[in-house]
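Below is one structure, written out as structure tokens, with a few remarks after it.
The values are calculated or read from the model by the stated rules, or taken from the named source; none is laboratory data. Quick caveat, the model's predicted, so the values are computed rather than measured. Quick reminder, even Gly has a Cβ in these numbers, built from the backbone with ideal geometry, and neighbours come from all protein chains shown.
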Amino acid sequence: MSWPLSLLRAGAVAAAGLLLTTSVTGCFSNKQNEGAKLYQTHCASCHGDQGEGLRRLIPPVAASDYLVKHRNELPCLIRQGLNGPIVVNGIEYNQVMPGHKTDLTDADIANLLNFIQQNWGNHNPPYTVREISELLAPCNGSIIR
Amino acid sequence: MLHSFFRVPALFLGLMLTAGFGLFGCSETTPPQEERLSILGLKRTAPTSPSDTLPDPIPSFTLTNQEGKTINNQTFAGKVYVTDFFFATCPSICPKMQSELLRVYEAYKDNPNVLFLSHTIDPAHDSIPVLRDYAERLGIKDASRWHFATAPHDTIFNLARAYMTGAQVDKTVQGGFAHSGTFALIDSKRRVRGIYDGMEKSQVDLLIHDLPILLKEEAEAKQTAAK
């Protein structure tokens, strides 16, 4: 009785594992996929599903010059949020962006930023987690779990 | 234990049956191919007669829009309108919500019989200049088509209830207000004819689909009245 059951369970686990690996290795590495998920959870409702932003209300993260010009400030920007004007691609925006004081680790911020920096028309070099931690030091924002 | 286990499904079945009869009731009076939107809303007032089961109409209101102009029920007379509740500094659902409402606006931009009304639930912050700036940034130049309106706090929150939207002060959420992203479709008789989740593309597609049905009904009512 227990033998076929455990066989069935092993089969199910194997099938799930196979499904996971095929879907993950499909076109993304695991880390990049994580970044896409973090973007969907924390950013997409304002910045849009494709990073397009919203008219002159919310700046785009797609094809955004801000990502290049302010590369080193981005980790603290995500940690602390933003309140005040910001110029992106020559257009001034002025909305409140909530911070992520405790819910994202340095590794999460690295995954999230690397996803944005390398998608939707952005072709910028990725960050290492260590680099993110160093960049978070000025705003006392480093969280390593 | 057994008793309470059965009670809930029985109640549910009862509701389903009532809903089913309700549907039949409608299809008997109108031809089956003709779609007609339900009349929604809550009845809080006492019925005027035993057959009066219609929900309360949207109450009278006086608001101020992004141009500083007073708007009231008369502003929407003879029109249908879509309404929602937002605030300018809302960091969570509003941008998504307003971008979806923008989609509806774009679809009906050239139809003067469809108006839009967004209420701020943060009148302390969202002054008229703030609302004007918000509207302009969203690309809305014609305030007579899409009003971004403010009023004293209580007025707004009472209206939110009438429009079947949840809105309340909640210091525990980001931005300080808890509210749902509901869009309500209102006819020229101040009745709620549809509610849609403004965060769901499929629901907003349904609103875009429903609008012509209501507009047809309104046009027919006008013709009958003219005869």
Taking the range A:87-115 and keeping residues modelled with pLDDT of 95 or more, over 18 Å from A:I132 (Cα atoms) and surrounded by 16 or more Cβ atoms within 10 Å (Cβ to Cβ) leaves A:V88, A:Y93
Counting only residues in the range B:130-142 that are within 12 Å of chain A (Cβ to nearest Cβ) and assigned to a helix (DSSP H, G or I), the one farthest from B:T89 (Cα to Cα) is identified as B:E136
Per the filter on the range B:178-198, residues closer than 20 Å to B:T155 by Cα and buried (at least 21 other Cβ atoms within 10 Å of the Cβ) are B:H179, B:G181, B:T182, B:F183, B:A184, B:L185, B:I186, B:V192
- Query: Within the range B:85-105, is there a residue that is closer than 20 Å to B:A167 by Cα, more than 14 Å from every other protein chain (Cβ to nearest Cβ) and surrounded by 20 or more Cβ atoms within 10 Å (Cβ to Cβ)?
  - Reply: yes
Checklist entry - Hey, any hits in the range B:157-174 for a residue that's within 17 Å of B:C90 (Cβ to Cβ), among the hydroxyl-bearing types (S, T, Y) and within 14 Å of chain A (Cβ to nearest Cβ)? => result yes
Expected output for the range B:204-227 (first residue within 17 Å of B:V82 (Cβ to Cβ), partner of a type in the set (D, E) and part of a helix (DSSP H, G or I), Cβ below 7 Å, 6+ apart or cross-chain) is B:V204/B:E100
A:S64 meets each of (1) buried (at least 18 other Cβ atoms within 10 Å of the Cβ); (2) more than 21 Å from A:R130 (Cβ to Cβ); (3) within 14 Å of chain B (Cβ to nearest Cβ) with one exception, condition (3)
Among B:D126, B:D122, the single one that is in a loop (DSSP other than H, G, I, E, B), under 19 Å from the mean Cα position of the chain (by Cα) and within 14 Å of chain A (Cβ to nearest Cβ) is B:D122
Per the filter on the range B:143-177, residues assigned to a strand (DSSP E or B) and in contact (Cβ under 8 Å) with a residue 24 or more places away in the chain are B:W146, B:H147, B:F148, B:A149, B:T150, B:A167, B:F177
Looking at the range A:116-129, can you tell me whether even one residue there is closer than 28 Å to B:F87 by Cα and buried (at least 16 other Cβ atoms within 10 Å of the Cβ)? yes
_Any chance B:D154 is among the acidic types (D, E) and either within 14 Å of chain A (Cβ to nearest Cβ) or closer than 20 Å to B:I213 by Cβ (or both)_ = no
Picking from B:L42, B:L101, the residue that is at pLDDT 95 or above and out of contact with any helix residue (DSSP H, G or I) (no Cβ under 6 Å at 6 or more places or on another chain) would be B:L101
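Every residue, every condition in (1) away from chain B (no Cβ under 14 Å); (2) touching a strand residue (DSSP E or B) at 6+ places or on another chain (Cβ under 6 Å); (3) charged (D, E, K, R); (4) more than 16 Å from A:H47 (Cβ to Cβ), yes or no:
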position	(1), (2), (3), (4)
A:G84	no, no, no, yes
A:N94	no, no, no, no
A:A107	yes, no, no, yes
A:Q117	yes, no, no, no
A:Y127	yes, no, no, yes
A:L135	yes, no, no, yes
Is it true that some residue in the range A:112-124 is without any contact (Cβ under 8 Å) to a residue 24 or more places away in the chain and under 13 Å from the mean Cα position of the chain (by Cα)?
no
message: Any residue at all in the range A:36-46 that's basic (K, R), closer than 30 Å to B:K201 by Cα and modelled with pLDDT of 90 or more?
response: yes
Going through (1) under 28 Å from B:E67 (Cα atoms); (2) touching a strand residue (DSSP E or B) at 6+ places or on another chain (Cβ under 8 Å); (3) surrounded by fewer than 20 Cβ atoms within 10 Å (Cβ to Cβ) one by one, B:P152 fails only at (2)
Of (1) exposed (fewer than 13 other Cβ atoms within 10 Å of the Cβ); (2) assigned to a loop (DSSP other than H, G, I, E, B), B:S202 satisfies every one except (2)
